[in-house]
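The structure appears right after this line, and notes come after that.
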Amino acid sequence: MEDTQEKKKIKIFVNNNNRATVICPICGHSKQFDVTKFKNLNKTLRSRCKCGHSFLCVLEFRQYYRKKTKLRGHFTFLGDYLQYKFFVNDVSWKGINFSMLSVCDIKIVDMLKVTFTLDDTNKSVIRKQVEVKYVHELLIGCCFTDPQWYDKELKCYLMNTDSRVKKSPEEL
């Protein structure tokens, strides 16, 4: 039973004013409230809707929305031509998190050129320069170093919150 409830946790994004909007997954009723008192707690909260449905929520205090994905891509070290394949686990306005398919000597502060294809209707190709900020085995976190204002495809992709089923890396 606990495993089922774990899967049903709803991620709630908190805005800059520490306000969050909770939407009931059953009836769609929404309510906005101040979550300042929960800012330093890393806790799952139980919410009860006026329709009687109870569900679990996790507050996400990130500065930018992070969209979960399973996108193919590759990177090169700046000044190098050797490509390393990866899967983008999530993407935000400021960076990406990806899993490498093979081991390579990658370190924090390395500069990379990443290329990945969005699963939008246009199959938009995103090419970005990134700085490595996090390395844990094959899991890499990076922030974009180039300007974001001109990247319409990425902006549209992040704003589109459709519920398409993402394929697992094995299915791609």
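The values are calculated or read from the model by the stated rules, or taken from the named source; none is laboratory data. A quick note: this is a predicted structure, and the numbers were derived from the prediction, not measured. Glycine gets a Cβ as well: all are built from the backbone with ideal geometry, and neighbour counts include every protein chain shown.
Within segment 106-116, not a single residue is outside any loop (DSSP other than H, G, I, E, B), assigned by TED's automatic domain parsing to the domain that holds Ser92, modelled with pLDDT under 85 and closer than 29 Å to Ile10 by Cα. Just checking, which of Asp146, Asp162 is within 24 Å of Phe13 (Cα to Cα), modelled with pLDDT under 85, among the charged types (D, E, K, R) and assigned to a loop (DSSP other than H, G, I, E, B)? Going through Asp146, Asp162 in turn, the sole match is Asp162.
Here Phe87 fulfils each of the conditions (1) touching a helix residue (DSSP H, G or I) at 6+ places or on another chain (Cβ under 8 Å); (2) part of a loop (DSSP other than H, G, I, E, B); (3) surrounded by 14 or more Cβ atoms within 10 Å (Cβ to Cβ) apart from (2). Of everything listed in (1) modelled with pLDDT under 95; (2) among the small types (Gly, Ala, Ser); (3) within 21 Å of the chain's Cα centre (by Cα); (4) over 23 Å from Ile10 (Cα atoms), the single unmet condition for Gly79 is (3). Surrounded by 12 or more Cβ atoms within 10 Å (Cβ to Cβ), at pLDDT below 85, β-branched (Val, Ile, Thr) and closer than 29 Å to Ile140 by Cβ - does that describe any residue in segment 60-73? No, that holds for no residue.
What residue, among those in segment 4-15 that are assigned to a loop (DSSP other than H, G, I, E, B) and either touching a residue at least 24 places away in the same chain (Cβ under 8 Å) or in the same structural domain as Met159 (by TED's automatic domain parsing) (or both), is surrounded by the most Cβ atoms within 10 Å (Cβ to Cβ)?
Narrowing segment 4-15 to residues assigned to a loop (DSSP other than H, G, I, E, B): 8-9, 15.
Filter once more, keeping what is either touching a residue at least 24 places away in the same chain (Cβ under 8 Å) or in the same structural domain as Met159 (by TED's automatic domain parsing) (or both): 8-9.
Details: Lys8: 10, Lys9: 13.
Applying the filter and picking the extreme gives Lys9.
Conditions tested, residue by residue: (1) under 14 Å from Phe75 (Cα atoms); (2) within 17 Å of the chain's Cα centre (by Cα); (3) of a type in the set (Ser, Thr, Tyr).
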site: Asp119; (1), (2), (3): no, yes, no
site: Ser124; (1), (2), (3): no, no, yes
site: Gln129; (1), (2), (3): yes, no, no
site: Val132; (1), (2), (3): yes, yes, no
site: Leu139; (1), (2), (3): yes, yes, no
site: Asp146; (1), (2), (3): no, no, no
site: Tyr157; (1), (2), (3): no, yes, yes
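When only residues in segment 30-46 that are under 17 Å from Asn15 (Cβ atoms) and β-branched (Val, Ile, Thr) count, which is surrounded by the most Cβ atoms within 10 Å (Cβ to Cβ)? Applying the filter and picking the extreme gives Val35.
Thr121 falls short on exactly one of the conditions (1) touching a strand residue (DSSP E or B) at 6+ places or on another chain (Cβ under 9 Å); (2) under 18 Å from Leu71 (Cβ atoms); (3) modelled with pLDDT of 85 or more; (4) loosely packed, with under 14 Cβ neighbours inside 10 Å, and that condition is (1). Only residues that are over 30 Å from Val130 (Cα atoms) and of a type in the set (Phe, Trp, Tyr) were counted in segment 34-85, giving 2.
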